[in-house]
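Data first, discussion second: the structure below is written as structure tokens.
The values are calculated or read from the model by the stated rules, or taken from the named source; none is laboratory data. All figures in this text were calculated on a predicted structure; none of them were measured in a lab. For neighbour counting, all protein chains shown are included, and Cβ atoms are generated from backbone atoms with ideal geometry for every residue, glycine included.
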Amino acid sequence: MADQATTPSRVQKPTRPRRKWLWVAGAMVIVLALAGAVFMLLRPQTPVATTRTFTLPVTKTTEQVTVNLTGTLAPQNQANLSFASAGTVTSVSAVVGSTVSAGQVLATIDDTQLRNAVTLAQANVTAARTSYSTVASTSGVTRAQLSNAQAQVDSAVAKLSSAKTSLSQARLTTPIAGTVASVNLTVGSQVGSGSSGGASAAGVLGSSGSAAASAQIVVISPTSWLVNGTVGPADVASLKPGQPVAATVTGTTVTTTGKVNTVGIVATTSSGSTTFPVTILLDGNPAGLYDGVGVTAVVTTGTDPDVLSVPTAAISNTGGTPTVQKMVNGSPVTTDVQLGKVYGDRTQVASGVAEGDLVQVTVRVAAGQRPSGGGSSGVNFPGMGGQGQGQRPNNGGAPPAGAPAGGGG
């Protein structure tokens, strides 16, 4: 039988996954495109600042002249107590934050030696008086001998009085009722003589921080407060005792009123800055007042009636001359003006415009916001009381071009 011819089998080439990779790449492109679109839709939109122009009237008003200052809160009555006699501390009953009464004993020292000193001084008085009696009964005594004997009695009595005072100072008492603010004593510690006694340091209005820091016990009366502040040379002359004050505790909404109490005339210079001390007595005792916190105070130093003024933001500088855009027949016209005092967001105008004229004010606002007088929408609308009448501008005190330096205070 003849052999059949064998047809060789066809060898197939391996299929390349080209089409599969094309599908994967296409899918990735679609996913990235969708992600980019979602990001563009959901990303935070940054508000774009725009400018808006308004017309506001030139007005006549009664403006308050004020001075701004900052300071720290302190109790009006504070006792900085320290032992005036030397000895070893035997008891300390004062606890920071506790309430104490006037005359209450807060600490004691060992009084053994002090009692012995009183006993010895009493004996010396007795001896001196006996000696005086003997001299006085002696026949032929001279006036000089009597005078000398009397001097011995007087000296002994004075020493006895001093010894009794030292013994009484073995007990540290507070002359005012209040709250214990600090205690720098421990039982067994040694205290030296020469410190200020409690009675001499008590009730000092606005007691200095250095005195409180060196005191062994400090008692404050947290029912009446004052502000220790400073002002610069430009403002010190306008401040007088009795002027009304509006005060705000820094970083809070706590507000209160008061009056200027003292204005110092001895300046302090630090880092090239000269200031004068001012104390303000606050009214009442609102919640939220604490020793040492910061306070911003606005002192009303006077009032100016019938002040013709424009919004400070309406003033420009054209070739070194202050100008405003006054509306004439519906169109803005650059108009030269002569400026006076600055009252916060308004500036006095001496000439160039009249009451009832309209001037343009251009402000920058964020998209979606509307200017408002009180700043409730986040935009301070110039010339409508956003900063407060009569207050100095918070731009480093620089008045608009052409305004006199220091105007408004």
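If you go through region 324-334 and pick out every residue that is without any contact (Cβ under 8 Å) to a residue 24 or more places away in the chain and in a strand (DSSP E or B), you end up with 4. Here V361 meets the list (1) out of contact with any Gly (no Cβ under 7 Å at 6 or more places or on another chain); (2) modelled with pLDDT of 80 or more; (3) over 27 Å from A234 (Cα atoms); (4) surrounded by 12 or more Cβ atoms within 10 Å (Cβ to Cβ) almost entirely, failing just condition (1). Condition check for V96 on (1) touching a Ser or Thr at 6+ places or on another chain (Cβ under 8 Å); (2) closer than 28 Å to G188 by Cβ; (3) surrounded by 18 or more Cβ atoms within 10 Å (Cβ to Cβ): one failure, at (3).
Select from region 309-323 the residues that are assigned to a strand (DSSP E or B) and modelled with pLDDT under 90 and write down the one among them that is nearest to Q348 (Cα to Cα). Ranking the qualifying residues of region 309-323, first place goes to N317.
Residues that are of a type outside the set (A, V, I, L, M, F, W, C) and either out of contact with any strand residue (DSSP E or B) (no Cβ under 6 Å at 6 or more places or on another chain) or crowded, with 18+ Cβ neighbours inside 10 Å (or both) within region 308-317 comprise S309, P311, T312, N317, listed in sequence order. Among the residues of region 130-156, those that are closer than 30 Å to G87 by Cβ and loosely packed, with under 15 Cβ neighbours inside 10 Å comprise D154, S155.
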